[in-house]
Amino acid sequence: MSEICVIGDIGLGSKIADELGTRFFRVDNRVFPDGELAPRILVGRIEDVKNKDVIAVFQKGESENVNNYVLRSFLTLSTLRRYEAAKLVGVFPYFAYARQDNEFRLGEPVSCGIVSKIFEDVGVSDFITVTSHVHRASGIEKWFPNIRAHDVSGISVLADYVKSNAESPEDLLVFAPDGEGLPWAQEMAEKIGSHQASALEKERDVNTGEISQKLVEDVDVRGKNIVIVDDIVSTGKTIARAANLLRKQKGAKKVAFSYVHPVHSPGALELMRKESPPFIVTTDTIETSVKGVKVTSVSKVISTKIIELLL
Ligand code: R5P
């Protein structure tokens, strides 16, 4: 096995380097005044990465444009390939563009396939992400036919938090805001020892983006404490409306929020707070420093996967 080093964004990247006990080189994500990106890996010399197994960790910044996050990741990986890293592992905890895994309307791109193809083309040998949205069509492997791809569980990280911080976690009912999220609700329920995992039925109008949800299963939520689990909170509409339905309309007592990727588009937190969740917990796949939102780290699940790959 070659020597390992981690390069990447200071928050999650340095945590993963600490977990692995390896050297860490930060990337300076420079942006020119016209918006062009020029990420620079702060190595002392090319030999710091040449012939090494390099783990490149990209964490989207809190207010960073998602397109910058994607492009700077590709640019940085291309530098590492040019510097002849022995093995190149790309850690892309928030798999941006994964939701566009289909041509939903005529004329749209299948962006998920384009992004995954570029990862392959820049010479990554392994791609690691966390609870990606591509679960709905098939596994992640379909999108990376030429390299190894790994989708590690951010739900297990949230479940650990809920188990240690909720009062009587075994009495919580776990809900996904839509049917696609049911496996996540089931995973959370199993890990916290709850007997009930269910999903609401959600419909999204592809033209307006508007959603509607209903309780389809015969689950009595009156007086119960609930934790909602989802992969992403972007506008916050999905999770806030689910809470509103369960608490205000169906009589649940308290509804907490847990989700892996805090995309947090403008207005999302306000919508969530209106539903008075007793706690909101997310992970650091994306940088977040919002008051009242607990952040639990995915560094351990990612490091465990890296050790598995490199041993
Ligand atoms: C959708 O299928 C996802 O799992 C999330 O529920 C969705 O992306 C959340 O989006 P928003 O916060 O904008 O409602």
Item to complete: Determine ³J(HN,Hα), in whole Hz, for all residues of the stretch 4-20 in sequence, where each value follows from phi through the Karplus function 6.51 cos²θ - 1.76 cosθ + 1.60 and θ = phi - 60°; x replaces Gly and Pro.
Response: 10, 9, 10, 10, x, 7, 4, x, 5, x, 5, 5, 5, 4, 4, 4, 8
Fill in: Debye, to nearest 20: dipole size of the chain, +1 on Lys, Arg Cβ, -1 on Asp, Glu Cβ
560 debye
Worksheet entry | For peptides 188-194, 206-212, sequence by mean Cβ density within 10 Å, most packed first | 188-194, 206-212
Item to complete: Name the residues whose placed amide hydrogens come within less than 5 Å of the amide hydrogen of A256, ignoring near sequence neighbours (fewer than 5 apart) on the same chain.
Response: I226, V227, I228
Discussion item. Can you order the peptides 243-252, 274-283, 152-161 by their average number of other Cβ atoms within 10 Å per residue, highest first?
Written reply: 152-161, 274-283, 243-252
Worksheet item: If one takes the longest principal axis of the Cα atoms in the chain, at what angle in degrees, from 0 to 90 and to the nearest 10, does the Cα axis of helix 182-192 lie?
Response: 90 degrees
Worksheet item: What is the distance in Å between the Cα centres of the stretch 26-58 and the stretch 168-195?
Response: 40 Å
Item to complete: May I ask you to evaluate 6.51 cos²θ - 1.76 cosθ + 1.60, the Karplus curve with θ = phi - 60°, for each residue of the stretch 202-208 and list the ³J(HN,Hα) values in order in whole Hz, giving x for glycine and proline?
Response: 10, 10, 10, 6, 5, 7, 9
Worksheet, complete the sentence: 1/(1 + (r/R0)^6) with r = Cβ-Cβ of N207 and S289, R0 = 30 Å, i.e. FRET efficiency to nearest 0.05, evaluates to 0.30
Worksheet, complete the sentence: Between E180 and V219, Cβ-based FRET efficiency (R0 22 Å, step 0.05) works out to 0.75
Worksheet, complete the sentence: Dividing the helical contributions, -39500 (n - 2.57) per DSSP H run of n ≥ 4, by the residues of the chain yields a 222 nm value, nearest 500 deg cm²/dmol, of -8500 deg cm²/dmol
Response to the item:
With a Förster distance of 25 angstrom and the Cβ-Cβ distance between E64 and N244, calculated FRET efficiency to the nearest 0.05 equals 0.25
Worksheet item: Tally Lys and Arg at +1 and Asp and Glu at -1 over the other residues with C-beta under 11 Å from the C-beta of K214: what net charge comes out?
Response: -1
Worksheet entry | Tensor-based shape of the chain (alpha-carbon gyration tensor, a/c under 1.5 rounded, otherwise prolate or oblate) | prolate
Worksheet item: From the Cα gyration tensor of the stretch 166-301, with a ≥ b ≥ c the square roots of its eigenvalues, which class applies: rounded if a/c is under 1.5, or else prolate if a/b is larger than b/c, or else oblate?
Response: rounded
Discussion item. Show me, for the stretch 166-181, the HN-Hα J-couplings you get by feeding each phi into the Karplus relation (A = 6.51, B = -1.76, C = 1.60, θ = phi - 60°), rounded to Hz, glycine and proline as x.
Written reply: 8, 6, 6, x, 5, 8, 6, 8, 9, 10, 9, x, 8, x, 5, x
Fill in: Inter-label distance for L37 and N51, nm, one decimal - labels placed 7 Å from Cα along Cα-to-Cβ
3.1 nm
Worksheet item: Which entries in K191/K300; K52/K291; K142/K291; K163/K248; K142/K224; K224/K305 show an alpha-carbon gap greater than 28 Å?
Response: K52/K291; K142/K291; K142/K224; K224/K305
Worksheet item: Mind checking the angle between helix 66-82 and the chain's longest principal axis? C-alpha axes, 0 to 90 degrees, to the nearest 10.
Response: 30 degrees
Fill in: Amide H partners (placed H, <5 Å) of K60, local residues excluded
Y94, E287
Worksheet item: Near the amide H of T296, under 5 Å away, which other amide H atoms are found, from residues 5 or more places off or on another chain, if H is placed in the peptide plane?
Response: T282, T283, D284
Item to complete: Quote the relative contact order of the chain in percent (integer), defining contacts as alpha-carbon pairs under 8 Å separated by 6+ residues.
Response: 14 percent
Discussion item. Defining a contact as two alpha carbons under 8 Å apart and six or more residues distant in sequence, what relative contact order in percent does the stretch 124-229 show?
Written reply: 23 percent
Fill in: Nitroxide proxy distance, nm - points 7 Å out along Cα→Cβ at E3 and N102
4.9 nm
Worksheet item: Based on the alpha-carbon gyration tensor of the stretch 27-152 and its eigenvalue square roots a ≥ b ≥ c, which shape applies: rounded if a/c is under 1.5, prolate if not and a/b is larger than b/c, or oblate?
Response: oblate
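Each value in this text was obtained by applying a stated rule to the coordinates, not by laboratory testing. Nothing here was measured: the structure is a model prediction, and the numbers come from that model. All Cβ positions, glycine included, derive from the backbone under ideal geometry; neighbour counts span all protein chains shown.
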